[in-house]
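Trainee: Following this message is one structure expressed as structure tokens.
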Amino acid sequence: MKRIVLTGGGTAGHVTPNIALLPELRKRGWDIHYIGTQNGIERKLITEIPYVTYHSVQSGKLRRYADIKNLTDPFRVLAGIGQSINRIRKLKPQIIFSKGGFVSVPVVLGGWINRVPVIVHESDITPGLANQIATRFAKTVCTTFPETVQYFREGKAIHTGTPIRQELFLGNPERGRKLCGFTGEKPTILVMGGSQGAVSINKAIRALLSRLTRRFQVVHICGSGNFDNVLDSYPDYRQFEYVSEELPDILAMTDLVVSRSGANSIYEFLALKKPALLIPLPLSSSRGDQIANAKSFVKQGFSKMLEQENMTEDTLYDHIVDLYLNREKYIRAMTENNTADSIEIILQQIDSLAKK
């Protein structure tokens, strides 16, 4: 039987593209295994899928900043490499597919030592630290953005786009409105800040609720621990800490999105033709990847951007209203974009590189 190992974790963004590949891999007869950490979000998400076998290894976060854990995490990475070598030697997979995140480094190195071909997928325009390491041991690098190909030697990288979960296309707007208690009388804004939420966006949106809800209905995915009970009964406002199965229905009823600019999320907005106001993480809190992602989407006419440093109640409200009034322009640009069938392209790479 053909056997594949997938890896990636630390955040949902390093797991959901792998999840998008799983149904097609299963249809094509692959025996699917996933290597992640014991306590990472990848374990929670993957162990819910009955046909995938999950394995745990140790790993440590790779940081660019000073932290006391920098003294101990390298030893966890080394331990994880040893565990990955042994696990992969026993599994004997034909190929490894890595989505990135710090957990992926031990697995990629374990595969390389066992002479198993590795494919790495890079979400952002500029590779993150984990993928900068992992791609050195990969046969092929798949990129979400066409601009990313230039960072690798000729012939190593291929622009594939990012896999989109097919269930996102099956949402029902009426189910979404029923879930939120909304009518169809006002347009709907979806506010989200990634799997952990975004405190600055949460505060700015909530400060604007009295103005926003005169014109819009607002559904707010605010992140774990950010639920505000005081606002729970606010008219035309519905908040969730986290959604999973409900997300397709919420997206189906959504007219525009206010969001961070993580690569997976914005490509989902592109696939669903949802105009978005992107508020990327600032340089003070990131390596600048979300800023580059947002600028790429602005350049292509898919989204509008507001830098967090320039976000006030007035600028946020004005950008939202402008996005809504010009939404057809953004929808037209997204419709004219020739979005690649990312899943099929990646599966072709997997099939062609798999060790016989």
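The values are calculated or read from the model by the stated rules, or taken from the named source; none is laboratory data. The shown structure was predicted, so the numbers you read here are calculated from the model rather than taken from an experiment. Cβ sites come from the backbone with ideal geometry, for glycine too, and all protein chains shown count toward neighbours.
Trainee: Which residues, taken from region 221-233, are under 21 Å from Asp249 (Cα atoms) and touching a residue at least 24 places away in the same chain (Cβ under 8 Å)?
Mentor: Those that are under 21 Å from Asp249 (Cα atoms) and touching a residue at least 24 places away in the same chain (Cβ under 8 Å): Ile221, Cys222, Gly223, Ser224.
Trainee: For region 137-154, which positions are outside any loop (DSSP other than H, G, I, E, B) and of a type in the set (Ser, Thr, Tyr)?
Mentor: Those that are outside any loop (DSSP other than H, G, I, E, B) and of a type in the set (Ser, Thr, Tyr): Thr140, Thr143, Thr148, Tyr151.
Trainee: Ok, one more. Looking at Gly161, Gly110, Gly176, which one is farther than 22 Å from Glu24 by Cβ, of a type outside the set (Lys, Arg) and surrounded by fewer than 24 Cβ atoms within 10 Å (Cβ to Cβ)?
Mentor: Result: Gly176 is the single residue among Gly161, Gly110, Gly176 that is farther than 22 Å from Glu24 by Cβ, of a type outside the set (Lys, Arg) and surrounded by fewer than 24 Cβ atoms within 10 Å (Cβ to Cβ).
Trainee: Given the criterion within 26 Å of Gly101 (Cβ to Cβ) and not β-branched (Val, Ile, Thr), identify the matching residue among Gln166, Gln217.
Mentor: After applying the criteria, what remains is Gln166.
Trainee: I'm checking my understanding of the structure. Among residues of region 332-348 that are hydrophobic (A, V, I, L, M, F, W, C) and under 30 Å from Leu22 (Cβ atoms), which one is modelled with the lowest pLDDT?
Mentor: Ala340
Trainee: So if I check each of Ser261, Ser224, Ser244, which one is hydroxyl-bearing (Ser, Thr, Tyr) and buried (at least 23 other Cβ atoms within 10 Å of the Cβ)?
Mentor: Selected residue: Ser261, the only one of Ser261, Ser224, Ser244 that is hydroxyl-bearing (Ser, Thr, Tyr) and buried (at least 23 other Cβ atoms within 10 Å of the Cβ).
Rundown of residues vs (1) of a type outside the set (Val, Ile, Thr); (2) in contact (Cβ under 8 Å) with a residue 12 or more places away in the chain; (3) out of contact with any His (no Cβ under 9 Å at 6 or more places or on another chain); (4) not in a helix (DSSP H, G or I), yes/no style:
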| residue | (1), (2), (3), (4) |
| --- | --- |
| Lys295 | yes, no, yes, no |
| Leu316 | yes, yes, yes, no |
| Leu323 | yes, yes, yes, no |
| Tyr330 | yes, yes, yes, no |
| Met334 | yes, yes, yes, no |
| Lys355 | yes, yes, yes, yes |
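Trainee: Of the residues that make up region 264-271, is at least one more than 24 Å from Gly128 (Cβ to Cβ) and crowded, with 20+ Cβ neighbours inside 10 Å?
Mentor: The answer is no, given that none of the residues of region 264-271 is more than 24 Å from Gly128 (Cβ to Cβ) and crowded, with 20+ Cβ neighbours inside 10 Å.
Trainee: Something else now. Would you confirm whether or not region 236-243 contains a residue that is aliphatic (A, V, I, L, M), in the same structural domain as Glu174 (by TED's automatic domain parsing) and either in a helix (DSSP H, G or I) or more than 15 Å from the chain's Cα centre (by Cα) (or both)?
Mentor: no
Trainee: Across region 109-136, what is the number of residues that are touching a strand residue (DSSP E or B) at 6+ places or on another chain (Cβ under 6 Å) and either in a helix (DSSP H, G or I) or touching a residue at least 60 places away in the same chain (Cβ under 8 Å) (or both)? I'd like the intermediate steps shown before the answer.
Mentor: Filtering region 109-136 down to residues touching a strand residue (DSSP E or B) at 6+ places or on another chain (Cβ under 6 Å) leaves 111, 116-122, 131, 134-135.
When the remaining residues are screened for being either in a helix (DSSP H, G or I) or touching a residue at least 60 places away in the same chain (Cβ under 8 Å) (or both), the result is 111, 116-117, 119, 121, 131, 134-135.
Residues flagged as touching a strand residue (DSSP E or B) at 6+ places or on another chain (Cβ under 6 Å) and either in a helix (DSSP H, G or I) or touching a residue at least 60 places away in the same chain (Cβ under 8 Å) (or both) within region 109-136 amount to 8.
Trainee: Which of (1) farther than 30 Å from Ile19 by Cα; (2) surrounded by 15 or more Cβ atoms within 10 Å (Cβ to Cβ); (3) of a type in the set (S, T, N, Q); (4) in contact with a helix residue (DSSP H, G or I) (Cβ under 9 Å, 6 or more places away or on another chain) does Thr213 not meet, given it meets every other one?
Mentor: (4)
Trainee: Under the condition of being basic (Lys, Arg) and under 22 Å from Pro127 (Cα atoms), which residue from region 272-311 is surrounded by the fewest Cβ atoms within 10 Å (Cβ to Cβ)?
Mentor: Lys299
Trainee: Going through Lys178, Lys186 one at a time, which residue ends up being part of a helix (DSSP H, G or I), modelled with pLDDT of 95 or more and assigned by TED's automatic domain parsing to the domain that holds Glu309?
Mentor: On the way: Lys186 fails: part of a helix (DSSP H, G or I).
Just one listed residue meets the conditions, Lys178.
Trainee: Also: When you check Glu167 against the structure, is it over 19 Å from the mean Cα position of the chain (by Cα) and farther than 30 Å from Arg89 by Cβ, yes or no?
Mentor: No, not satisfied.
Trainee: For the subset of region 264-286 comprising residues that are assigned to a loop (DSSP other than H, G, I, E, B) and of a type in the set (A, V, I, L, M, F, W, C), which member is nearest to Leu190 (Cα to Cα)?
Mentor: Checked region 264-286; the qualifying residue nearest to Leu190 (Cα to Cα) is Ile279.
Trainee: Let me ask something else about it. Where residues in region 248-259 are farther than 21 Å from Pro280 by Cβ and not in a loop (DSSP other than H, G, I, E, B), which of them is nearest to the chain's Cα centre (by Cα)?
Mentor: Among them, the one singled out is Pro248.
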